[in-house]
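Only one structure is covered here, and it is reproduced in the block below.
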Amino acid sequence: MAANTATPSSCGPPTSIPDFSNLPIPNTINVVATPGNDTSYPPMVTCCAPSRVQIVDGCYLWCEIPARYYGKDGKGSKDDARSDVSSCLRSSRRGNGSGEEEHGGRIVGFQMNGAGRTAGGVRGVGVWVLAVMGLVWFGL
């Protein structure tokens, strides 16, 4: 059964993605988005794993860009990550039999605001908070 990736009529054209600041998506993470409303859309599921594909405004699929796109050490560039996610989506679309590659593919948007290594960034903030709490607790 083919995935339903058509967008509802209340959404903008399927050839564009609105400014991310107008969408209720966290602005502190690196995100890839595409028009659609089926969170089981195979190219997004494949390329976003282990991140979960989510839907926003009933019109756009999005996920946090997984750490694997930032290299083994987690220090790869955001440009490289964006390029690798795009390549994954293109190759996954070719393999899903949807014919999208014959019609120019799907529009993909990126929000690159978070640290390249998201897990390390969150862990770093946690350590910082604990350190500050310790200073406050011990009156230093």
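Taking amide H positions as modeled 1.01 Å from N, with prolines and chain starts lacking one, the residues under 5 Å from residue 64 and 5 or more places away or on another chain are 52.
Taking all protein chains together and a 1.4 Å probe, the residues 40, 10, 87 rank 10, 40, 87 from largest to smallest accessible area.
Counted residue by residue at 0.36 nm each, then reduced by the alpha carbon distance between them, the extension gain from residue 87 to residue 75 reaches 2.4 nm.
The values are calculated or read from the model by the stated rules, or taken from the named source; none is laboratory data. Quick caveat: nothing in here was measured; it's all calculated off a predicted structure. The area values use the complete protein model at the heavy-atom level, side chains included, leaving out ligands, DNA and RNA. Shrake-Rupley method; radii C 1.70, N 1.55, O 1.52, S 1.80 Å.
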